[in-house]
Amino acid sequence: MTSAKKFVVGISTTVLLAGLLTGCGGNSTASNGGGNSKQILKMTLLAEPQALDTSIANAAVSFDILNQINEGLYRLGKNGEPIPALAASMPVITDGGKTYTIKLRDNLKWSDDSPLTAKDFEYAWKRTLDPKTKADYAFMVAWLKGGDAYMNGKGSVDQVQVKAIDDKTLTFTLENPIPFMTSQLSFPVFFPEKQAFVEKYGDKYAADADKTLSDGPFTLSKWDHEQSLTLVKNDKYWDKANVKLNEVDVQIAADNNTLANLYQSNAIDVARITRDQVDQWKAKPDYLVEPQLYITYVEMNESVPALKNDKIRQALALSIDRSNLVDIVFHDGSQSPTGFVPSGTKDGNNKEFRADAGDVLPKYDPVQAKTLLAEGLKEAGLTSFPTLKFTGDDTEDAKKALEFIQGQWKQNLGIDVTVESIPHKLRIEHGQKHEFDLLLFNWGADYNDPMTFLDCHESTSSFNESQFKDPEYDQLIEKAKAEPDGAKRAQYLVDAEKMLVKEMPVAPVNFRAYSYLVKPNVKNILFFPYGSEWDLKNASVE
(Lines give C-alpha, C1' and ligand atoms only; values in the text may rest on other atoms or scores of the structure.)
Protein backbone atom coordinates (compact mmCIF):
# COMPACT_ATOMS: atom_id res chain seq x y z
CA MET A 1 0.00 0.00 0.00
CA THR A 2 1.14 3.49 -0.67
CA SER A 3 -0.53 5.17 2.29
CA ALA A 4 -2.01 4.53 5.70
CA LYS A 5 -5.21 3.60 3.96
CA LYS A 6 -8.28 2.05 5.49
CA PHE A 7 -10.91 0.38 3.37
CA VAL A 8 -14.70 0.26 3.57
CA VAL A 9 -16.10 -2.82 1.92
CA GLY A 10 -19.31 -1.70 0.33
CA ILE A 11 -20.60 -5.10 -0.71
CA SER A 12 -19.12 -7.29 2.00
CA THR A 13 -16.72 -7.45 4.89
CA THR A 14 -13.97 -9.36 6.58
CA VAL A 15 -13.42 -9.94 10.20
CA LEU A 16 -10.56 -12.36 10.53
CA LEU A 17 -7.51 -11.00 12.20
CA ALA A 18 -3.95 -10.10 11.45
CA GLY A 19 -0.93 -11.54 13.20
CA LEU A 20 -1.59 -15.25 12.62
CA LEU A 21 -0.57 -17.69 9.93
CA THR A 22 -3.82 -19.33 8.93
CA GLY A 23 -6.44 -19.58 6.23
CA CYS A 24 -10.05 -20.35 5.69
CA GLY A 25 -12.46 -20.80 2.85
CA GLY A 26 -15.80 -22.05 1.76
CA ASN A 27 -18.63 -22.04 -0.68
CA SER A 28 -21.82 -20.08 -0.32
CA THR A 29 -24.66 -18.38 -2.00
CA ALA A 30 -23.78 -14.86 -0.91
CA SER A 31 -27.35 -13.62 -0.91
CA ASN A 32 -28.14 -16.22 1.75
CA GLY A 33 -25.57 -14.78 4.14
CA GLY A 34 -27.78 -14.66 7.19
CA GLY A 35 -29.18 -11.15 6.85
CA ASN A 36 -31.96 -10.40 9.34
CA SER A 37 -33.59 -7.59 11.21
CA LYS A 38 -31.85 -8.72 14.42
CA GLN A 39 -28.54 -7.25 13.16
CA ILE A 40 -26.35 -10.17 14.20
CA LEU A 41 -22.94 -10.56 12.58
CA LYS A 42 -21.28 -13.99 12.61
CA MET A 43 -17.52 -14.20 12.43
CA THR A 44 -14.47 -16.10 13.60
CA LEU A 45 -11.19 -15.52 15.35
CA LEU A 46 -8.28 -17.79 14.60
CA ALA A 47 -7.14 -18.03 18.22
CA GLU A 48 -8.12 -17.25 21.79
CA PRO A 49 -7.40 -13.59 22.71
CA GLN A 50 -4.25 -13.59 24.79
CA ALA A 51 -5.55 -10.75 26.99
CA LEU A 52 -8.30 -8.13 26.99
CA ASP A 53 -6.53 -5.82 29.43
CA THR A 54 -5.57 -2.79 27.33
CA SER A 55 -2.32 -2.39 29.27
CA ILE A 56 -1.00 -5.91 28.75
CA ALA A 57 -2.58 -7.04 25.46
CA ASN A 58 0.14 -7.73 22.89
CA ALA A 59 -1.41 -9.68 20.00
CA ALA A 60 -3.71 -8.91 17.08
CA VAL A 61 -6.48 -11.21 18.30
CA SER A 62 -6.69 -9.11 21.45
CA PHE A 63 -6.41 -5.74 19.70
CA ASP A 64 -9.21 -6.56 17.29
CA ILE A 65 -11.66 -7.36 20.09
CA LEU A 66 -10.50 -4.42 22.21
CA ASN A 67 -11.13 -2.08 19.29
CA GLN A 68 -14.81 -3.08 19.40
CA ILE A 69 -15.49 -3.07 23.13
CA ASN A 70 -13.31 -0.08 24.03
CA GLU A 71 -12.32 3.22 22.51
CA GLY A 72 -9.69 5.90 22.90
CA LEU A 73 -9.51 9.59 22.20
CA TYR A 74 -9.57 8.96 18.43
CA ARG A 75 -10.61 6.28 15.96
CA LEU A 76 -9.27 5.89 12.44
CA GLY A 77 -11.66 6.94 9.68
CA LYS A 78 -12.29 5.27 6.34
CA ASN A 79 -9.20 6.85 4.77
CA GLY A 80 -6.93 6.09 7.72
CA GLU A 81 -7.18 9.57 9.21
CA PRO A 82 -7.71 10.09 12.96
CA ILE A 83 -11.20 11.32 13.84
CA PRO A 84 -12.47 12.36 17.28
CA ALA A 85 -13.91 9.53 19.35
CA LEU A 86 -13.94 10.20 23.10
CA ALA A 87 -12.17 13.45 22.27
CA ALA A 88 -14.47 16.34 21.39
CA SER A 89 -12.09 17.67 18.74
CA MET A 90 -8.58 17.36 17.35
CA PRO A 91 -5.73 18.07 19.80
CA VAL A 92 -4.16 21.46 20.34
CA ILE A 93 -0.44 20.84 19.74
CA THR A 94 2.20 23.24 21.05
CA ASP A 95 5.83 23.29 22.17
CA GLY A 96 7.20 22.34 18.77
CA GLY A 97 4.95 19.31 18.43
CA LYS A 98 5.62 17.94 21.90
CA THR A 99 2.66 19.06 24.05
CA TYR A 100 -0.93 17.96 23.37
CA THR A 101 -4.09 19.31 25.01
CA ILE A 102 -7.29 17.39 24.36
CA LYS A 103 -10.87 18.09 25.41
CA LEU A 104 -13.23 15.15 26.04
CA ARG A 105 -16.86 14.96 24.97
CA ASP A 106 -19.65 15.79 27.42
CA ASN A 107 -21.33 13.07 29.50
CA LEU A 108 -19.07 10.14 28.58
CA LYS A 109 -20.01 6.92 30.36
CA TRP A 110 -18.53 3.52 31.05
CA SER A 111 -20.81 0.56 30.38
CA ASP A 112 -21.64 0.42 34.11
CA ASP A 113 -23.08 3.97 33.76
CA SER A 114 -20.25 5.57 35.76
CA PRO A 115 -18.61 8.76 34.41
CA LEU A 116 -15.57 8.44 32.15
CA THR A 117 -13.11 11.28 32.73
CA ALA A 118 -9.66 12.46 31.70
CA LYS A 119 -8.36 10.91 34.91
CA ASP A 120 -9.11 7.46 33.43
CA PHE A 121 -6.58 8.17 30.69
CA GLU A 122 -3.94 9.43 33.11
CA TYR A 123 -4.41 6.36 35.31
CA ALA A 124 -4.31 3.91 32.38
CA TRP A 125 -1.16 5.32 30.81
CA LYS A 126 0.69 5.42 34.11
CA ARG A 127 -0.46 1.88 34.95
CA THR A 128 0.87 0.68 31.60
CA LEU A 129 4.25 2.29 32.34
CA ASP A 130 4.43 0.87 35.87
CA PRO A 131 7.20 -1.79 35.82
CA LYS A 132 4.94 -4.00 37.96
CA THR A 133 2.41 -4.20 35.11
CA LYS A 134 4.99 -5.79 32.78
CA ALA A 135 3.28 -4.34 29.73
CA ASP A 136 4.95 -5.30 26.45
CA TYR A 137 3.53 -2.21 24.75
CA ALA A 138 4.64 0.17 27.49
CA PHE A 139 7.38 1.35 25.13
CA MET A 140 4.74 3.32 23.19
CA VAL A 141 3.47 5.13 26.27
CA ALA A 142 7.12 5.69 27.17
CA TRP A 143 7.17 8.26 24.36
CA LEU A 144 5.79 10.57 27.08
CA LYS A 145 8.36 12.75 28.79
CA GLY A 146 9.45 10.90 31.91
CA GLY A 147 7.82 7.72 30.64
CA ASP A 148 10.95 5.79 29.71
CA ALA A 149 12.61 6.46 33.05
CA TYR A 150 9.54 5.33 35.00
CA MET A 151 9.07 2.25 32.82
CA ASN A 152 12.67 1.22 33.47
CA GLY A 153 12.56 1.85 37.21
CA LYS A 154 14.77 4.94 37.03
CA GLY A 155 12.12 7.58 37.60
CA SER A 156 8.91 8.19 39.49
CA VAL A 157 5.32 8.13 38.33
CA ASP A 158 5.03 11.82 39.22
CA GLN A 159 7.62 12.63 36.56
CA VAL A 160 5.48 11.16 33.75
CA GLN A 161 4.14 14.10 31.78
CA VAL A 162 0.44 13.23 31.45
CA LYS A 163 -2.14 15.10 33.50
CA ALA A 164 -5.91 15.33 33.83
CA ILE A 165 -6.32 19.10 34.23
CA ASP A 166 -10.01 18.55 35.00
CA ASP A 167 -12.62 15.89 34.20
CA LYS A 168 -12.73 16.90 30.53
CA THR A 169 -9.16 18.05 29.80
CA LEU A 170 -6.11 15.86 29.26
CA THR A 171 -2.64 17.19 28.54
CA PHE A 172 0.60 15.35 27.88
CA THR A 173 4.11 16.11 26.69
CA LEU A 174 6.29 13.89 24.51
CA GLU A 175 10.04 13.45 24.83
CA ASN A 176 10.37 14.14 21.09
CA PRO A 177 7.85 15.21 18.42
CA ILE A 178 6.06 12.23 16.83
CA PRO A 179 4.31 13.11 13.55
CA PHE A 180 1.82 10.22 13.77
CA MET A 181 0.98 10.63 17.48
CA THR A 182 -2.66 11.70 16.99
CA SER A 183 -3.32 8.59 14.91
CA GLN A 184 -1.52 6.46 17.45
CA LEU A 185 -3.94 7.55 20.17
CA SER A 186 -6.43 5.21 18.47
CA PHE A 187 -4.30 2.20 19.46
CA PRO A 188 -5.59 0.12 22.42
CA VAL A 189 -2.60 0.79 24.69
CA PHE A 190 -3.77 4.43 24.85
CA PHE A 191 -7.35 3.56 25.85
CA PRO A 192 -8.68 4.66 29.27
CA GLU A 193 -9.11 2.39 32.29
CA LYS A 194 -11.28 2.87 35.36
CA GLN A 195 -9.01 2.58 38.40
CA ALA A 196 -11.64 1.29 40.85
CA PHE A 197 -12.71 -1.44 38.43
CA VAL A 198 -9.16 -2.55 37.66
CA GLU A 199 -8.23 -2.68 41.33
CA LYS A 200 -11.42 -4.53 42.24
CA TYR A 201 -10.40 -7.55 40.17
CA GLY A 202 -6.62 -7.29 40.44
CA ASP A 203 -4.88 -9.93 38.34
CA LYS A 204 -8.28 -11.25 37.23
CA TYR A 205 -9.16 -7.95 35.58
CA ALA A 206 -10.40 -8.50 32.01
CA ALA A 207 -9.84 -12.26 32.31
CA ASP A 208 -13.56 -13.03 31.80
CA ALA A 209 -16.56 -11.25 30.34
CA ASP A 210 -17.92 -10.13 33.71
CA LYS A 211 -14.54 -8.63 34.58
CA THR A 212 -14.39 -6.30 31.57
CA LEU A 213 -15.67 -2.73 31.43
CA SER A 214 -16.42 -1.09 28.10
CA ASP A 215 -16.50 2.40 26.67
CA GLY A 216 -16.71 1.39 23.01
CA PRO A 217 -19.53 0.48 20.59
CA PHE A 218 -19.95 -3.00 22.12
CA THR A 219 -19.61 -4.81 25.41
CA LEU A 220 -18.38 -8.35 25.97
CA SER A 221 -21.40 -10.28 27.23
CA LYS A 222 -19.94 -13.79 27.03
CA TRP A 223 -16.48 -15.33 26.75
CA ASP A 224 -16.38 -19.11 26.54
CA HIS A 225 -12.63 -19.52 26.55
CA GLU A 226 -11.10 -21.26 23.54
CA GLN A 227 -14.61 -21.55 22.04
CA SER A 228 -16.43 -18.27 21.44
CA LEU A 229 -17.09 -14.64 22.39
CA THR A 230 -20.32 -12.63 22.17
CA LEU A 231 -20.37 -8.86 21.80
CA VAL A 232 -23.55 -6.82 22.27
CA LYS A 233 -24.34 -3.20 21.55
CA ASN A 234 -23.27 -0.83 24.34
CA ASP A 235 -26.28 1.31 25.30
CA LYS A 236 -24.01 3.66 27.25
CA TYR A 237 -21.78 4.42 24.26
CA TRP A 238 -21.71 8.11 23.33
CA ASP A 239 -22.41 7.38 19.62
CA LYS A 240 -24.79 4.44 20.00
CA ALA A 241 -27.17 5.92 17.41
CA ASN A 242 -24.65 5.07 14.69
CA VAL A 243 -24.01 1.50 15.87
CA LYS A 244 -26.21 -0.75 13.71
CA LEU A 245 -25.26 -4.22 14.95
CA ASN A 246 -27.00 -5.54 18.03
CA GLU A 247 -24.75 -8.57 18.44
CA VAL A 248 -21.53 -10.07 17.11
CA ASP A 249 -21.11 -13.82 17.57
CA VAL A 250 -17.48 -14.87 17.36
CA GLN A 251 -16.37 -18.47 17.08
CA ILE A 252 -12.74 -19.45 17.65
CA ALA A 253 -11.70 -21.77 14.84
CA ALA A 254 -8.37 -22.24 13.07
CA ASP A 255 -8.87 -25.33 10.92
CA ASN A 256 -9.35 -24.56 7.23
CA ASN A 257 -11.90 -27.29 6.66
CA THR A 258 -13.94 -26.20 9.67
CA LEU A 259 -13.96 -22.60 8.47
CA ALA A 260 -14.90 -23.64 4.95
CA ASN A 261 -17.83 -25.65 6.25
CA LEU A 262 -18.96 -22.78 8.46
CA TYR A 263 -18.90 -20.36 5.53
CA GLN A 264 -20.64 -22.75 3.16
CA SER A 265 -23.43 -23.39 5.67
CA ASN A 266 -23.82 -19.63 6.34
CA ALA A 267 -22.73 -20.14 9.94
CA ILE A 268 -20.22 -17.31 9.46
CA ASP A 269 -20.29 -14.24 7.25
CA VAL A 270 -16.57 -13.97 6.46
CA ALA A 271 -13.72 -16.37 5.78
CA ARG A 272 -10.03 -15.90 5.08
CA ILE A 273 -8.75 -18.18 2.33
CA THR A 274 -5.44 -19.41 0.92
CA ARG A 275 -3.93 -21.68 -1.75
CA ASP A 276 -6.38 -23.70 -3.85
CA GLN A 277 -9.33 -21.86 -2.30
CA VAL A 278 -8.04 -18.63 -3.84
CA ASP A 279 -7.97 -20.19 -7.29
CA GLN A 280 -11.49 -21.48 -6.75
CA TRP A 281 -12.94 -18.12 -5.67
CA LYS A 282 -10.81 -15.32 -7.12
CA ALA A 283 -13.10 -14.73 -10.09
CA LYS A 284 -16.24 -14.56 -7.94
CA PRO A 285 -17.76 -11.49 -6.28
CA ASP A 286 -17.23 -12.97 -2.82
CA TYR A 287 -13.47 -12.60 -3.21
CA LEU A 288 -11.42 -9.75 -1.74
CA VAL A 289 -7.65 -9.33 -1.27
CA GLU A 290 -6.04 -6.77 1.05
CA PRO A 291 -2.26 -6.14 1.33
CA GLN A 292 -1.05 -5.74 4.90
CA LEU A 293 1.81 -3.94 6.63
CA TYR A 294 2.83 -7.30 8.01
CA ILE A 295 5.85 -9.56 7.90
CA THR A 296 6.51 -13.19 8.81
CA TYR A 297 10.03 -14.21 9.73
CA VAL A 298 12.07 -16.94 11.41
CA GLU A 299 13.47 -15.78 14.73
CA MET A 300 16.84 -17.30 15.62
CA ASN A 301 17.55 -17.35 19.34
CA GLU A 302 21.11 -16.10 19.79
CA SER A 303 21.39 -17.77 23.19
CA VAL A 304 21.71 -21.03 21.19
CA PRO A 305 25.46 -21.41 20.53
CA ALA A 306 25.10 -22.30 16.85
CA LEU A 307 22.86 -19.28 16.24
CA LYS A 308 25.31 -16.75 17.67
CA ASN A 309 27.26 -16.82 14.42
CA ASP A 310 26.24 -14.30 11.71
CA LYS A 311 27.16 -16.61 8.82
CA ILE A 312 25.07 -19.49 10.17
CA ARG A 313 22.05 -17.20 10.50
CA GLN A 314 22.66 -15.86 6.98
CA ALA A 315 22.88 -19.43 5.66
CA LEU A 316 19.51 -20.31 7.19
CA ALA A 317 17.99 -17.21 5.56
CA LEU A 318 19.51 -17.61 2.09
CA SER A 319 18.52 -21.29 1.85
CA ILE A 320 14.77 -20.53 1.94
CA ASP A 321 13.10 -20.09 -1.46
CA ARG A 322 10.79 -17.31 -0.37
CA SER A 323 9.05 -16.92 -3.73
CA ASN A 324 8.00 -20.56 -3.72
CA LEU A 325 6.98 -20.33 -0.08
CA VAL A 326 4.54 -17.45 -0.60
CA ASP A 327 3.04 -19.18 -3.65
CA ILE A 328 2.87 -22.75 -2.35
CA VAL A 329 2.03 -22.14 1.32
CA PHE A 330 -0.03 -18.93 1.13
CA HIS A 331 -1.03 -18.19 -2.48
CA ASP A 332 -3.20 -15.34 -1.25
CA GLY A 333 -1.59 -12.18 -2.58
CA SER A 334 1.38 -12.31 -0.19
CA GLN A 335 4.72 -11.25 -1.67
CA SER A 336 8.31 -12.42 -1.31
CA PRO A 337 10.02 -9.98 1.09
CA THR A 338 12.68 -7.57 -0.09
CA GLY A 339 13.71 -6.29 3.34
CA PHE A 340 12.56 -6.10 6.95
CA VAL A 341 10.01 -3.31 6.35
CA PRO A 342 6.99 -4.27 4.17
CA SER A 343 6.03 -2.52 0.97
CA GLY A 344 3.52 0.27 1.55
CA THR A 345 5.17 1.52 4.73
CA LYS A 346 5.70 5.29 4.75
CA ASP A 347 9.13 6.61 5.74
CA GLY A 348 7.94 9.45 7.98
CA ASN A 349 9.06 11.93 5.31
CA ASN A 350 6.14 11.64 2.86
CA LYS A 351 7.76 8.86 0.84
CA GLU A 352 7.62 5.07 0.78
CA PHE A 353 10.35 3.43 2.81
CA ARG A 354 11.04 0.72 0.24
CA ALA A 355 11.68 3.45 -2.35
CA ASP A 356 14.29 4.89 0.01
CA ALA A 357 15.90 1.61 0.95
CA GLY A 358 15.50 -0.45 -2.22
CA ASP A 359 15.57 -4.24 -2.28
CA VAL A 360 18.12 -5.13 0.38
CA LEU A 361 17.33 -8.73 1.29
CA PRO A 362 19.75 -11.21 -0.40
CA LYS A 363 18.18 -13.45 -3.03
CA TYR A 364 17.60 -17.16 -2.53
CA ASP A 365 21.03 -18.73 -3.05
CA PRO A 366 21.42 -22.32 -1.78
CA VAL A 367 25.02 -22.56 -3.04
CA GLN A 368 26.13 -19.46 -1.15
CA ALA A 369 24.08 -20.60 1.86
CA LYS A 370 25.98 -23.88 2.01
CA THR A 371 29.31 -22.04 1.86
CA LEU A 372 28.22 -19.66 4.62
CA LEU A 373 27.10 -22.57 6.80
CA ALA A 374 30.47 -24.31 6.47
CA GLU A 375 32.35 -21.11 7.26
CA GLY A 376 30.07 -20.31 10.16
CA LEU A 377 30.35 -23.75 11.73
CA LYS A 378 34.14 -23.49 11.54
CA GLU A 379 34.13 -20.04 13.15
CA ALA A 380 31.79 -21.31 15.89
CA GLY A 381 34.02 -24.31 16.59
CA LEU A 382 31.31 -26.77 15.58
CA THR A 383 31.78 -29.88 13.47
CA SER A 384 28.10 -30.08 12.51
CA PHE A 385 24.83 -28.20 12.86
CA PRO A 386 22.89 -29.38 15.94
CA THR A 387 19.34 -30.68 15.70
CA LEU A 388 17.23 -27.71 16.81
CA LYS A 389 13.52 -27.28 17.43
CA PHE A 390 11.54 -25.09 15.01
CA THR A 391 8.36 -23.80 16.70
CA GLY A 392 5.25 -22.12 15.30
CA ASP A 393 1.48 -21.78 15.64
CA ASP A 394 -0.73 -24.84 15.24
CA THR A 395 -2.81 -23.27 12.44
CA GLU A 396 -2.87 -25.03 9.09
CA ASP A 397 -0.84 -22.43 7.22
CA ALA A 398 1.73 -22.17 10.00
CA LYS A 399 2.18 -25.93 9.96
CA LYS A 400 2.69 -25.89 6.19
CA ALA A 401 5.18 -23.03 6.45
CA LEU A 402 7.14 -24.86 9.14
CA GLU A 403 7.26 -28.00 7.02
CA PHE A 404 8.26 -26.08 3.87
CA ILE A 405 11.17 -24.32 5.60
CA GLN A 406 12.20 -27.53 7.35
CA GLY A 407 12.40 -29.18 3.92
CA GLN A 408 14.39 -26.30 2.45
CA TRP A 409 17.02 -26.56 5.17
CA LYS A 410 17.26 -30.31 4.73
CA GLN A 411 17.49 -30.09 0.93
CA ASN A 412 19.83 -27.11 0.65
CA LEU A 413 21.96 -27.35 3.79
CA GLY A 414 21.66 -30.99 4.79
CA ILE A 415 20.52 -30.08 8.29
CA ASP A 416 17.67 -31.46 10.37
CA VAL A 417 15.29 -29.50 12.59
CA THR A 418 12.37 -30.82 14.62
CA VAL A 419 9.06 -29.07 13.95
CA GLU A 420 6.81 -28.16 16.89
CA SER A 421 3.29 -26.74 16.36
CA ILE A 422 1.67 -25.23 19.45
CA PRO A 423 -1.35 -23.01 20.24
CA HIS A 424 -0.94 -19.32 19.42
CA LYS A 425 -1.05 -18.19 23.05
CA LEU A 426 1.65 -20.69 24.02
CA ARG A 427 3.80 -19.67 21.05
CA ILE A 428 3.65 -16.06 22.25
CA GLU A 429 4.69 -17.15 25.74
CA HIS A 430 7.61 -19.17 24.39
CA GLY A 431 8.79 -16.14 22.45
CA GLN A 432 8.50 -13.76 25.39
CA LYS A 433 10.46 -16.14 27.62
CA HIS A 434 13.03 -16.92 24.88
CA GLU A 435 12.14 -20.59 25.25
CA PHE A 436 12.80 -21.64 21.66
CA ASP A 437 15.58 -22.35 19.20
CA LEU A 438 13.91 -21.22 15.97
CA LEU A 439 10.49 -19.56 15.97
CA LEU A 440 8.11 -18.71 13.13
CA PHE A 441 6.98 -15.24 14.14
CA ASN A 442 4.44 -12.76 12.77
CA TRP A 443 4.67 -8.98 13.15
CA GLY A 444 2.02 -6.54 11.98
CA ALA A 445 2.57 -2.79 12.06
CA ASP A 446 1.16 -0.87 15.01
CA TYR A 447 1.40 2.33 12.96
CA ASN A 448 2.49 3.23 9.43
CA ASP A 449 6.18 3.96 9.93
CA PRO A 450 9.37 1.86 9.60
CA MET A 451 10.06 2.27 13.30
CA THR A 452 7.33 -0.23 14.16
CA PHE A 453 9.32 -2.93 12.31
CA LEU A 454 12.79 -1.85 13.41
CA ASP A 455 12.72 -0.80 17.07
CA CYS A 456 11.54 -4.27 18.11
CA HIS A 457 15.11 -5.44 17.39
CA GLU A 458 16.68 -2.99 19.84
CA SER A 459 18.52 -4.79 22.61
CA THR A 460 16.15 -3.39 25.25
CA SER A 461 12.89 -4.10 23.39
CA SER A 462 10.44 -6.48 25.04
CA PHE A 463 9.80 -7.85 21.54
CA ASN A 464 13.47 -8.64 20.87
CA GLU A 465 12.84 -12.35 21.23
CA SER A 466 15.92 -13.38 19.25
CA GLN A 467 18.08 -11.58 21.85
CA PHE A 468 19.97 -9.73 19.12
CA LYS A 469 22.28 -7.10 20.60
CA ASP A 470 24.32 -4.54 18.69
CA PRO A 471 25.15 -1.14 20.24
CA GLU A 472 25.55 0.43 16.79
CA TYR A 473 22.06 -0.71 15.80
CA ASP A 474 20.61 0.63 19.06
CA GLN A 475 22.33 3.94 18.42
CA LEU A 476 20.79 4.26 14.95
CA ILE A 477 17.30 3.60 16.31
CA GLU A 478 17.74 6.09 19.14
CA LYS A 479 19.06 8.73 16.72
CA ALA A 480 16.01 8.19 14.53
CA LYS A 481 13.68 8.55 17.50
CA ALA A 482 15.19 11.90 18.44
CA GLU A 483 15.73 13.32 14.93
CA PRO A 484 13.25 16.08 13.97
CA ASP A 485 14.45 16.26 10.35
CA GLY A 486 12.36 13.81 8.31
CA ALA A 487 15.01 13.06 5.68
CA LYS A 488 17.76 12.44 8.24
CA ARG A 489 15.45 10.26 10.31
CA ALA A 490 14.53 8.17 7.25
CA GLN A 491 18.21 7.63 6.45
CA TYR A 492 18.94 6.42 9.98
CA LEU A 493 16.19 3.85 9.53
CA VAL A 494 17.50 2.80 6.11
CA ASP A 495 20.93 2.26 7.67
CA ALA A 496 19.38 0.29 10.55
CA GLU A 497 17.62 -2.06 8.14
CA LYS A 498 20.87 -2.64 6.24
CA MET A 499 22.51 -3.63 9.51
CA LEU A 500 19.75 -6.18 10.15
CA VAL A 501 20.36 -7.64 6.69
CA LYS A 502 24.05 -7.93 7.46
CA GLU A 503 23.59 -9.62 10.83
CA MET A 504 20.31 -11.42 10.08
CA PRO A 505 18.91 -11.93 13.61
CA VAL A 506 15.67 -12.99 11.93
CA ALA A 507 14.98 -14.33 8.43
CA PRO A 508 12.03 -12.64 6.63
CA VAL A 509 9.89 -15.07 4.62
CA ASN A 510 6.91 -13.00 3.42
CA PHE A 511 5.17 -9.64 3.12
CA ARG A 512 1.62 -10.69 3.94
CA ALA A 513 -1.68 -10.02 2.22
CA TYR A 514 -5.07 -11.46 3.16
CA SER A 515 -7.62 -12.99 0.81
CA TYR A 516 -11.19 -13.17 2.00
CA LEU A 517 -14.61 -14.50 1.14
CA VAL A 518 -17.33 -12.15 2.31
CA LYS A 519 -21.11 -12.11 2.26
CA PRO A 520 -22.63 -9.35 0.09
CA ASN A 521 -25.22 -8.53 2.72
CA VAL A 522 -22.61 -7.40 5.26
CA LYS A 523 -21.85 -3.70 4.94
CA ASN A 524 -19.43 -1.04 6.13
CA ILE A 525 -16.74 -2.83 8.07
CA LEU A 526 -13.56 -0.79 7.92
CA PHE A 527 -10.29 -2.59 7.14
CA PHE A 528 -6.88 -1.55 8.39
CA PRO A 529 -3.51 -2.61 6.99
CA TYR A 530 -1.96 -1.98 10.41
CA GLY A 531 -2.93 -1.81 14.09
CA SER A 532 -6.37 -3.31 14.64
CA GLU A 533 -7.39 -5.13 11.48
CA TRP A 534 -11.03 -4.11 11.40
CA ASP A 535 -13.69 -1.87 12.92
CA LEU A 536 -17.31 -2.97 13.38
CA LYS A 537 -18.71 0.31 14.71
CA ASN A 538 -20.66 1.17 11.54
CA ALA A 539 -21.13 -2.37 10.20
CA SER A 540 -24.55 -3.82 9.45
CA VAL A 541 -26.18 -6.97 8.09
CA GLU A 542 -28.91 -6.56 5.49
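Results, tabulated for the structure shown:
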{"item": "Among the residues listed as 112, 166, the single one being closer than 30 Å to residue 49 by Cα and among the acidic types (Asp, Glu)", "result": "112"}
{"item": "Hey, residue 502 out of contact with any His (no Cβ under 7 Å at 6 or more places or on another chain), assigned to a helix (DSSP H, G or I) and surrounded by fewer than 24 Cβ atoms within 10 Å (Cβ to Cβ) or not", "result": "yes"}
{"item": "Given (1) within 28 Å of residue 429 (Cα to Cα); (2) surrounded by fewer than 22 Cβ atoms within 10 Å (Cβ to Cβ); (3) modelled with pLDDT of 95 or more, index of the condition residue 509 fails", "result": "(2)"}
{"item": "Residue tally, condition under 25 Å from the mean Cα position of the chain (by Cα) and among the small types (Gly, Ala, Ser), over the range 362-415", "result": "3"}
{"item": "Among (1) more than 20 Å from residue 58 (Cα to Cα); (2) outside any helix (DSSP H, G or I) - the single one residue 192 does not satisfy", "result": "(1)"}
{"item": "Subset of the range 203-228 (residues that are part of a strand (DSSP E or B), in contact with a strand residue (DSSP E or B) (Cβ under 7 Å, 6 or more places away or on another chain), surrounded by fewer than 18 Cβ atoms within 10 Å (Cβ to Cβ) and not small (Gly, Ala, Ser))", "result": "222"}
{"item": "Residue satisfying condition, being in contact with a strand residue (DSSP E or B) (Cβ under 8 Å, 6 or more places away or on another chain), of a type outside the set (S, T, N, Q), within 26 Å of residue 186 (Cα to Cα) and assigned to a strand (DSSP E or B), within set 530, 516", "result": "516"}
{"item": "Residue ID - surrounded by the fewest Cβ atoms within 10 Å (Cβ to Cβ), chosen from residues in the range 352-363 that are in contact with a Gly (Cβ under 9 Å, 6 or more places away or on another chain), at negative phi and part of a loop (DSSP other than H, G, I, E, B)", "result": "359"}
{"item": "Residue that is farthest from residue 112 (Cα to Cα), among those in the range 27-60 that are touching a Pro at 6+ places or on another chain (Cβ under 7 Å) and at pLDDT 90 or above", "result": "57"}
{"item": "Filtered residues of the range 79-108 (kept if buried (at least 19 other Cβ atoms within 10 Å of the Cβ) and either touching a helix residue (DSSP H, G or I) at 6+ places or on another chain (Cβ under 6 Å) or not charged (D, E, K, R) (or both))", "result": "80, 82, 85, 86, 87, 91, 100, 102, 104, 108"}
{"item": "Tally, over the range 65-78, of residues that are touching a helix residue (DSSP H, G or I) at 6+ places or on another chain (Cβ under 6 Å) and part of a loop (DSSP other than H, G, I, E, B)", "result": "1"}
{"item": "Which numbered condition residue 119 misses (of (1) outside any loop (DSSP other than H, G, I, E, B); (2) within 24 Å of the chain's Cα centre (by Cα))", "result": "(2)"}
{"item": "Yes/no for residue 455 being buried (at least 20 other Cβ atoms within 10 Å of the Cβ) and touching a Ser or Thr at 6+ places or on another chain (Cβ under 7 Å)", "result": "yes"}
{"item": "Residue 327 being acidic (Asp, Glu), assigned to a helix (DSSP H, G or I) and over 18 Å from residue 500 (Cβ atoms)", "result": "yes"}
{"item": "Some residue of the range 234-246 being touching a helix residue (DSSP H, G or I) at 6+ places or on another chain (Cβ under 7 Å) and not β-branched (Val, Ile, Thr)", "result": "yes"}
{"item": "First in the range 344-362 and more than 21 Å from residue 320 (Cβ to Cβ), second anywhere and among the aromatic types (Phe, Trp, Tyr) and modelled with pLDDT under 95, Cβ under 8 Å, 6 or more apart", "result": "348/180"}
{"item": "Qualifying residue in the range 364-386 (condition: farther than 21 Å from residue 299 by Cβ, assigned to a loop (DSSP other than H, G, I, E, B) and β-branched (Val, Ile, Thr))", "result": "yes"}
{"item": "Candidate set: the range 174-202, residues that are touching a helix residue (DSSP H, G or I) at 6+ places or on another chain (Cβ under 6 Å) and not acidic (Asp, Glu); chosen: the one surrounded by the most Cβ atoms within 10 Å (Cβ to Cβ)", "result": "192"}
{"item": "Residues of the range 413-441 satisfying the condition of being buried (at least 20 other Cβ atoms within 10 Å of the Cβ) and either among the aromatic types (Phe, Trp, Tyr) or under 19 Å from residue 140 (Cα atoms) (or both)", "result": "436, 441"}
{"item": "Qualifying residue in the range 229-245 (condition: in a strand (DSSP E or B) and either buried (at least 20 other Cβ atoms within 10 Å of the Cβ) or modelled with pLDDT under 95 (or both))", "result": "yes"}
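Quick grid of which residues meet (1) among the hydrophobic types (A, V, I, L, M, F, W, C); (2) part of a helix (DSSP H, G or I); (3) at pLDDT below 95:
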position: 398; (1), (2), (3): yes, yes, yes
position: 404; (1), (2), (3): yes, yes, no
position: 439; (1), (2), (3): yes, no, no
position: 449; (1), (2), (3): no, no, yes
position: 453; (1), (2), (3): yes, yes, no
position: 476; (1), (2), (3): yes, yes, no
position: 497; (1), (2), (3): no, yes, no
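The values are calculated or read from the model by the stated rules, or taken from the named source; none is laboratory data. For clarity, every value in this text was computed on a predicted model and none was experimentally measured. With ideal geometry, Cβ positions are generated from the backbone for all residues, glycine too; neighbour counts draw on all protein chains shown.
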